[in-house]
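Below you'll find the structure, written out as structure tokens, and then a few comments.
Bear in mind that the values in this text are calculations on the coordinates, not laboratory data. If you're wondering where the values come from, they're calculated on a predicted model, not measured in any experiment. In this analysis, Cβ positions are derived from the backbone assuming ideal geometry, glycine residues included, and neighbour counts consider all displayed protein chains.
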Amino acid sequence: MARTYYPHIYFEAARPRTRDSVTQAVSETDRRPGVTSFEEYKRVALAQLLDYIDGWTVNHRGDVVPFTLKKWQGRTLVLIRLGRARWSKKYQAVIDLINHYRRRISKTKSLRIREKLGMEAARKLGIPEKEAREILRRVRQRKFG
């Protein structure tokens with residue numbers, strides 16, 4: 001059975017119709033709605049990775065739920081399809097990088113080390129640490145107050 005594809009998850013609507021933590025953590029970088037630049041695409045991918053750090057996420061209904069491997073794969077599928085449609089030559093490096101760091105994060109118990117791995121991934125994606133910390137703060141704020 002094929003996996004259901006939810007294109008509205010990452011800014012494909014003019015106004016996001018969802019309340020999940022990744023959508024709310026990354027703001028628009030230009031006036032056009034949706035993920036319109038590769039830089040914005042990298043930030044959405046990083047937000048997904050940083051959301052995985054504590055093992056919890058906010059789904060599209062606004063409920064706090066465990067961030068399972070199945071949920072990771074579903075959100076990564078959206079990233080893959082979005083990247084393949086718009087940046088067919090560059091998106092695969094971003095997907096490989098966040099999958100690599102997700103595996104490393106899942107093998108670590110310490111939250112502090114997981115955050116360091118997330119910041120290392122941000123550095124490799126070319127996102128400033130200050131901005132990555134802000135994304136991490138916004139992702140976690142939806143779950144823990």
**Request:** Compute the distance in nm between two label points, each set 7 Å from the Cα along the Cα-to-Cβ direction, one at Lys90 and one at Asn59.
**Result:** 3.4 nm
**Request:** Compute the distribution of all C-alpha to C-alpha distances in the range 54-130, in bins of 5 Å from 0, and list the percent of pairs in each, rounded to whole numbers.
**Result:** 3, 13, 20, 23, 23, 14, 4, 0
**Item:** Inter-label distance, nm, simple model (7 Å from Cα along the C-beta direction), Ile80/Arg104
**Value:** 2.2 nm
